[in-house]
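The structure under discussion appears below in the form of structure tokens.
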Amino acid sequence: MSIDITRFDADDRIDREQWDDHVRTSRGGTLFHTFDMLELIERHASADLYPFIGYKGQEPVGVFPVFELSKGGISAAFSPPPRMGIPSMGPAPLNDGHLKRRKAERRLRRFVEGCLESIDERIGPRYSRVCTSVGVDDPRPFTWNEFDASPRHTYVLDIDREPEDLKQSFSKSLRRYLDPDGDDAERFRIEERGTDAIEFIHEQVTARYEAQDRTYTVPLEFLLEAYETLPEGRLRPYVGAVDGDLASGILVFEGPSTIYYSAGGGKPDVDYPINDLLHWRIIRDARDRGIERYDLCGANTERICTYKSKFNPDLVTYYEVERGTPVMNAVSSLYRRLR
């Protein structure tokens, strides 16, 4: 039986809940696949959302959100779209946990190929780029369809452990600063705050990028709307103050079982590693809420690896897949500079 691909129609809350149920049960589903998040991204990326879903008979076999961006009459397809700070997206397979490898691989191949055919029919992109989630570790359905695949990496920390056991797994250079005492304990304050913290972190990150002759492209309005309109706790801004003055901050997105580092944590002009305390507070708070993993990101950049590897996370692979005609090489190069 073939797999039918349709554009999911979320006319009401029941439809959205059905989509989100699919995302929640998929090994490739993430917070960024949920429908409210997809629509939020669509608005701020100036893109058109195509939420594809595949069926084998009546059984759903996967969801695959894709965004179309057009300029000068030329369209490109992305999952996730550029400039939004979203780490990954791509296909999220469904109902394949009981299948033996041969059938599971055949189903994934047919689902991805069906989605690619629908993308070609509806969008006709001259350039396409997909970043898979860490739960989808097989890029072959793309490479068999003329995509180039490159392995990418992220750091994922298991936080479903006793805090002391977790701390002892960190490097010594990190552990030594996590429990300030005496005068130091009075100097530092870590707290979760609201929109004022988002604005502070965004401004700090923007300034750091400009100092490196780079551009931080994530819109402040996107982060503010995410905080104000998504379910409570989906975006959490943490800030650290030293002697009463804000010194640094970190934004994390939170899904049902994973929190995702988003932005912040630059080098503040203070004499103490305040970012270590920020991460430690984020980890403990998330663990207390039942979160199991912290996706630290940053594993593709050498200078960032030096810091984040101190948390002793697992190195996890995902894939970037691209396809485009030679005339679109400029689009690919531009995207790589912006991401």
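The values are calculated or read from the model by the stated rules, or taken from the named source; none is laboratory data. Everything numeric in this text was worked out from a predicted model, so none of it was measured. Glycine gets a Cβ as well: all are built from the backbone with ideal geometry, and neighbour counts include every protein chain shown. Remember, those area values only see protein heavy atoms, side chains included, never the ligands or the DNA or RNA. Shrake-Rupley method; radii C 1.70, N 1.55, O 1.52, S 1.80 Å.
Assorted remarks:
- Listed by chain and number, the lysines whose C-alpha is less than 22 Å from the C-alpha of K56, apart from same-chain residues fewer than 8 away, are K100, K103.
- Surface composition of the chain: carbon and sulfur make up 43 percent of the accessible area, probe 1.4 Å.
- Per-selection Rg to Rh, region 94-227 - Cα, Kirkwood hydrodynamic radius: 1.10
- Region 156-261, relative contact order [Cα under 8 Å, separation at least 6], %: 26
- Viscosity 0.692 mPa s, temperature 37 °C, Stokes-Einstein D of the chain from Kirkwood C-alpha radius, µm²/s: 155
- Surface accessible to a 1.4 Å probe, C297 within the full protein complex, Å²: 30
- Overall, the ratio between the Cα radius of gyration of region 186-286 and 2.2 N^0.38 Å, rounded to two decimals, is 1.04.
- Additional length obtainable on full extension of the chain from R189 to T306, 0.36 nm per residue less Cα span: 39.6 nm
- Using a probe of 1.4 angstrom and keeping all protein chains present, the accessible surface of the chain works out to 49 square angstrom per residue.
- Potential lengthening between Y209 and R140 on full extension [0.36 nm per residue; Cα-Cα distance subtracted]: 21.3 nm
- Each Cα pair under 8 Å and six or more residues apart adds its separation to the average, and for region 1-79 the resulting relative contact order is 29 percent.
- Taking 0.36 nm per residue of sequence separation and removing the Cα-Cα distance, the D179/K103 pair yields an extension gain of 22.2 nm.
- For region 123-180, the convex hull drawn through the C-alpha positions has a volume of 164 cubic angstrom per residue.
- Accessible surface ranking that places the most exposed of S133, S262 first, with a 1.4 angstrom probe: S262, S133
- With the biggest extent put first, the Cα atoms of region 1-129 measure 45, 30, 26 Å across the principal axes.
- R0 of 35 Å, Cβ-Cβ distance T25-S169: FRET efficiency to nearest 0.05: 0.70
- Taken over region 174-244, the convex hull of the Cα atoms encloses 128 Å³ per residue.
- Only lysines eight or more places from K308 in sequence, or on another chain, were considered; those with a Cα closer than 28 Å are K167, K172, K267.
- Percent RCO, i.e. relative contact order, over the chain, from Cα pairs under 8 Å lying at least 6 residues apart: 21
- Percent of beta bridges antiparallel (DSSP, the chain, rounded to nearest 5): 85
- Here the peptides 99-107, 235-243, 59-67 are ranked by packing, the mean other Cβ count within 10 Å, and the order with the highest first is 59-67, 235-243, 99-107.
- Positive-end ranking of G97, T143, V66 along the dipole of the chain, with charges on Cβ about the Cα centre, is headed by T143.
- With the charge dipole of the chain set up from +1 on Lys and Arg Cβ and -1 on Asp and Glu Cβ about the Cα centre, the Cα lying farthest toward the positive end among the listed residues P237, G28, P256 is that of G28.
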